[in-house]
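The values are calculated or read from the model by the stated rules, or taken from the named source; none is laboratory data. These figures come from a predicted structure and were not determined experimentally. When we count neighbours, we look across all protein chains shown, and the Cβ atoms used for this are built from the backbone with ideal geometry, even at glycine. Protein only, heavy atoms only, side chains kept; ligands, DNA and RNA dropped before computing areas. Shrake-Rupley method; radii C 1.70, N 1.55, O 1.52, S 1.80 Å.
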Amino acid sequence: MFHVSPSTATYTLQLFGETLTLLPEKAIWSASHRALFLADTHFGKATHFRKAGIPVPEQVHAGDFQRLAALVEAYPVERVYFLGDLFHSDWNSAWEDFLDFISAYPSVNWHLIKGNHDILRPHQYAGSPLQVHAEGLALGQMLLRHTPLEEARTTAPDTERLILCGHVHPGFRVQGRGRQQLRMACFLRQGSQLILPAFGSFTGLHVPEISPADSVYLVSGATVLHWPMGKALR
């Protein structure tokens, strides 16, 4: 048995003057910016695999669209920020599915901070409702980007800006009694950056090196809970 005792469904952090609510759907809500943040959806990956002869079901991304739709409809969302790796590879028909999805929410401003997998041609982005940012984007006291910054892992928490990023697909290995182990997606706070878990369900987990100074926020079913690692930076 893994001794995980969830308390509340979401977990709210006060960081760098920003109030961020970590959601069990593997996204972040900011009421002050009326914005959702999510990373690494990797839409189109199933179709990409099928083109390579790997039999992946067409419906593999349907649950991700449903989760995103539920969030957009549950919160007063004005902006959605994809922190990179929105689409898995070059163009395939799943891109049109994505465009149909976001076009159903014309009141929402959709932003993409490009990641290493975002390699569509410029005219394909230009023909979409997306506002595309090739580099990091400043928003309030945050810097939105795709990849974490190595130097930010150990930066003291009194620096000027919080880095919000993805790319890593962070997971955490929970050790139970005996030899039981369970890998769970997590939000990972390291120094002056907060790394989001991969939103896409057709993605893997990477268990990065974690120090006692880091803060881990596990996604456990319908709950986000803080997993004590030692004296966490606040």
Among the aromatic types (Phe, Trp, Tyr), touching a residue at least 24 places away in the same chain (Cβ under 8 Å) and more than 20 Å from Leu144 (Cα to Cα): is that true of Trp95 in this structure? yes
Regarding segment 106-115, can at least one residue be identified that is open to solvent by less than 20 Å² (accessible area, probe 1.4 Å) and assigned to a loop (DSSP other than H, G, I, E, B)? yes
Might you let me know whether segment 79-91 holds any residue that is modelled with pLDDT under 95, over 20 Å from Arg145 (Cα atoms) and either touching a Pro at 6+ places or on another chain (Cβ under 7 Å) or assigned to a helix (DSSP H, G or I) (or both)? no
Scanning segment 135-160 residue by residue, those part of a loop (DSSP other than H, G, I, E, B), modelled with pLDDT of 90 or more and closer than 25 Å to Glu78 by Cβ turn out to be Gly140, Gln141, Arg145, His146
Taking the criterion of being modelled with pLDDT under 90 and in contact with a His (Cβ under 7 Å, 6 or more places away or on another chain), would at least one residue in segment 46-58 satisfy it? yes
Could you please give the count of residues in segment 125-134 that are assigned to a strand (DSSP E or B) and buried (at least 19 other Cβ atoms within 10 Å of the Cβ)? 0
Test result for Ala185, farther than 20 Å from Ala152 by Cβ, open to solvent by 50 Å² or more (accessible area, probe 1.4 Å) and at pLDDT 80 or above: no
Taking the condition of being surrounded by fewer than 18 Cβ atoms within 10 Å (Cβ to Cβ), aromatic (Phe, Trp, Tyr) and either at pLDDT 85 or above or under 20 Å from Leu143 (Cβ atoms) (or both), how many residues in segment 194-234 meet it? 0
Condition test on Leu144, is it touching a strand residue (DSSP E or B) at 6+ places or on another chain (Cβ under 6 Å), open to solvent by less than 20 Å² (accessible area, probe 1.4 Å), within 16 Å of His42 (Cα to Cα) and touching a residue at least 24 places away in the same chain (Cβ under 8 Å)? no
